[in-house]
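The values are calculated or read from the model by the stated rules, or taken from the named source; none is laboratory data. This one's a predicted model, so the numbers in the text were calculated from it and none came from an experiment. In this analysis, Cβ positions are derived from the backbone assuming ideal geometry, glycine residues included, and neighbour counts consider all displayed protein chains. Note: accessible area is taken over every heavy atom of the protein model, side chains too, but ligands, DNA and RNA are not part of it. Shrake-Rupley method; radii C 1.70, N 1.55, O 1.52, S 1.80 Å.
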Amino acid sequence: MEKLPRKLRQKLSARLVNDALRSLSSVEGLVDFSSNDYLGFARNQDLSKEISNYLTIKPQKSGATGSRLLSGNHSLYVELENFLKKHHKSESALVFNSGYDANVGFFSSVPQRGDIVLYDELVHASIRDGIQLGHAKSYKFAHNNIGDLSRHIERSRNVESEYEIYVVTESVFSMDGDSPDLQALANFCSDNGCHLIVDEAHATGIFGEGRDLTCQLGLEEQVFARIITFGKALGCHGAAILGSEALKNYLVNFARSLMYTTALPPHTIANLLVSYQYLKDVGSEKCQQLQQNIDYFKQQVEELGIAAIYIKSDSAIQCAIISGNSKVKSISAQLQLEGFDVRPILSPTVKEGEERLRFCLHAFNTKEEISRVLNTLKNELQ
């Protein structure tokens, strides 16, 4: 640390004082209540064998060899993007290296100088980073609050003349696990001439028969762009932006996070193609198992009398508010000692006072595991 510039040392010291200093850790052998592997695809050995068989039948290079605009746009990209646009009921699909790259690429290039971006106050950091890199004006609106969004639009229209308004939300919020009234929001945006963007990261593969929440609600024509990601329910890596063919053409020309990075290697794209086929084959069963576990978790929370600390959520993300970095870290450490991988979410990632334990549920969790972890939590809270 001594070799760092003074201001960097001060920032690290402040994190240490607030018990918010992060470090890289690897926890193995514990019951998984932490990962985004909602359907268990990342750990599924049958799926791994199918991917190996695919690569045996269709051998691929080890690396992409360049950016997509140079040598990296191999034939599997075309196959995957053609599949994605049909499966997710979109006019086009454009694959990025990660959800972070997709959001940064979109929000730094699409909204133009003079335009306005209105984003839910709880959207992911990658969306905020992309907005900061762009030239549009941006304002946050109260979480899932269309009334507050409407007031922002009214104020903007009293000041600006020629501009576009982009409204940004998530279908399942990563830190709270709740969802907006997407139907009402889509109708509002249509009525007010706004472009709606939905980050579907935590809904991809789970809602809409293996698609996303936009598809489940039949809102494809009302959403300007969707960001889907493959590192969660699909158990892979990468992301895609779904939208019009014109939007895809624009992003290929102006999204710097696509233009200036080495493409995903062929074996990663092959992994995605096989995983999506596996999702079509067994996704309905896995999603049903996941939903049963969500229902059972919520039932147990009620029966144990600890529902008051939980944020209301119908998704695989269930969060217990435990204020204070030190306290939530201590309880997380105790749960890990008891064999459960439950991670604390600290401020400043969430607001001070809203620190939490974030439980991620999976299709492979058992009812016995859910009961034990919640009983352990209740004992730690007493």
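Here are the numbers for this structure:
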| read-out | value |
| --- | --- |
| Residue under evaluation GLY305, criteria (1) within 18 Å of LEU361 (Cβ to Cβ); (2) in contact with a helix residue (DSSP H, G or I) (Cβ under 9 Å, 6 or more places away or on another chain); (3) assigned to a loop (DSSP other than H, G, I, E, B), criterion not met | (1) |
| Pair list, Cβ < 8 Å and 6+ apart or interchain, from segment 215-226 residues that are more than 11 Å from SER244 (Cβ to Cβ) to residues that are in a helix (DSSP H, G or I) and open to solvent by 40 Å² or more (accessible area, probe 1.4 Å) | LEU217/GLN183; LEU219/GLN183; GLN222/ASN187; GLN222/SER190 |
| Set LEU39, LEU70: member being in a loop (DSSP other than H, G, I, E, B), of a type in the set (A, V, I, L, M) and surrounded by 14 or more Cβ atoms within 10 Å (Cβ to Cβ) | LEU39 |
| Options SER48, SER25, SER71, SER13: the member that is of a type in the set (Gly, Ala, Ser) and under 30 Å from GLN288 (Cα atoms) | SER48 |
| Inter-residue pairs, beta-carbon under 6 Å, first under 15 Å from ALA363 (Cβ atoms) and among the hydroxyl-bearing types (Ser, Thr, Tyr) and in segment 16-44, second open to solvent by less than 90 Å² (accessible area, probe 1.4 Å) and part of a loop (DSSP other than H, G, I, E, B), 6+ apart | TYR38/ALA233; TYR38/ALA316; TYR38/HIS362 |
| Single residue of segment 337-346 satisfying the filter (buried (at least 17 other Cβ atoms within 10 Å of the Cβ) and in contact (Cβ under 8 Å) with a residue 40 or more places away in the chain) that is farthest from VAL17 (Cα to Cα) | PHE340 |
| Out of ALA240, ALA201, sole residue that is within 16 Å of LYS89 (Cα to Cα), buried (at least 24 other Cβ atoms within 10 Å of the Cβ), touching a residue at least 60 places away in the same chain (Cβ under 8 Å) and within 21 Å of the chain's Cα centre (by Cα) | ALA240 |
| Filter pass, TYR276 being of a type in the set (Ser, Thr, Tyr), open to solvent by 10 Å² or more (accessible area, probe 1.4 Å) and in contact with a helix residue (DSSP H, G or I) (Cβ under 9 Å, 6 or more places away or on another chain) | no |
| Count - residues of segment 316-330 that are in a strand (DSSP E or B) and either surrounded by fewer than 15 Cβ atoms within 10 Å (Cβ to Cβ) or not aliphatic (A, V, I, L, M) (or both) | 2 |
| Residue satisfying condition, being of a type outside the set (D, E, K, R), touching a residue at least 60 places away in the same chain (Cβ under 8 Å) and at positive phi, within set GLY353, GLY305 | GLY305 |
| HIS74 being modelled with pLDDT under 95, over 22 Å from SER174 (Cβ atoms) and out of contact with any His (no Cβ under 7 Å at 6 or more places or on another chain) | yes |
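Conditions tested, residue by residue: (1) open to solvent by 20 Å² or more (accessible area, probe 1.4 Å); (2) assigned to a helix (DSSP H, G or I).
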{"residue": "PHE207", "(1), (2)": "yes, no"}
{"residue": "GLN216", "(1), (2)": "yes, yes"}
{"residue": "LYS232", "(1), (2)": "yes, no"}
{"residue": "LEU251", "(1), (2)": "no, yes"}
{"residue": "LEU264", "(1), (2)": "no, no"}
{"residue": "ASN271", "(1), (2)": "yes, yes"}
{"residue": "LYS286", "(1), (2)": "yes, yes"}
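Quick grid of which residues meet (1) open to solvent by less than 50 Å² (accessible area, probe 1.4 Å); (2) of a type outside the set (Phe, Trp, Tyr); (3) more than 30 Å from LYS298 (Cα to Cα):
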position	(1), (2), (3)
HIS124	no, yes, no
LEU133	no, yes, yes
ILE146	no, yes, no
VAL167	yes, yes, yes
ASP178	yes, yes, no
